[in-house]
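Trainee: Next up is a structure, given as structure tokens.
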Amino acid sequence: MDIEVRSLLRGAAETVSFGRRIGALAIPGDWVALTGDLGTGKTTLVSGIVEGIHPGTRSRSPTYVRVEVYGVSPAIVHADLYRLQAPGEWDTLGIEDLADRDAIVLVEWADRAPDRLPAERLELTLRYSGEAAREIRIHARGDRWHTLIKEGKLDRDTWSDALYPRD
Ligand SMILES: Nc1ncnc2c1ncn2[C@@H]1O[C@H](COP(=O)(O)OP(=O)(O)OP(=O)(O)O)[C@@H](O)[C@H]1O
Ligand SMILES: [Mg+2]
């Protein structure tokens, strides 16, 4: 099942808050695919997701090493495919090995290896919306995120105010 919704992120703090919400809802085995032009906020979003899974954990930018792992139970596998020369190079990164069933996998520049991602995933696509905002397209591929969206679990009021409690 596919469903897509859009939201506006007004400033980097909202990108982080939205990410935190995604992280709070993520469970082991989830894959999150992040796409968007240079500088649209993918790494900022990842930092929020990581914070939502393991509060206090700082993510790094894996552009050069391409894969970083943070924490345990669940481990977070953070890949950046920007420097992928060809989709086949994916196999050298060992992402599937790192991403056993207990990991949550976050892939920046996911559009560089679309065929390697599992069919069930959450796709987040960022676009510039003026200087000080981004539009985010939230595309649920598969039942789990579809249901969460239908239940309103990603509605703006669940993440836009940092004081809102997480469930
Ligand atoms: N919603 C937003 N509104 C305005 N600026 C934002 C928003 N989200 C993030 N930013 C800012 O955009 C800039 C780029 O962010 P970031 O490095 O996360 O992008 P990126 O997509 O990972 O870039 P790259 O493709 O170069 O790795 C940062 O200065 C960040 O603070
Ligand atoms: Mg980045």
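Trainee: Measuring from label point to label point, each 7 Å out along Cα→Cβ, what is the residue 115 to residue 131 span in nm?
Mentor: Taking the simple label geometry, residue 115 and residue 131 are separated by 4.3 nm.
Trainee: Show me the ranking of peptides 9-21, 139-151 by mean Cβ neighbours inside 10 Å, starting with the highest.
Mentor: 9-21, 139-151
Trainee: To continue, here is another question. Report, to two decimal places, the Cα Rg of the stretch 65-153 normalised by 2.2 N^0.38 Å (N = number of residues).
Mentor: 1.20
Trainee: With unit charges on the beta carbon (Lys/Arg positive, Asp/Glu negative), name the residue among 77, 35, 90 whose Cα is farthest towards the positive pole of the charge dipole of the stretch 2-156.
Mentor: Of the options given, the answer is 35.
Trainee: Here's a follow-up. Can you run the Rg to Rh ratio on the stretch 2-156? Use alpha carbon positions and the Kirkwood inverse-distance Rh.
Mentor: 0.93
Trainee: With each label point set 7 Å from Cα along the Cα-Cβ vector, what nm distance links residue 61 and residue 92?
Mentor: The two pseudo-label positions are separated by 2.3 nm.
No value in this document is a laboratory result; all are computed from the given coordinates. In this text the structure is predicted, and so the values were computed from the model without any measurement. Every residue, glycine as well, gets a Cβ built from its backbone with ideal geometry; the counts of neighbours run over all protein chains shown.
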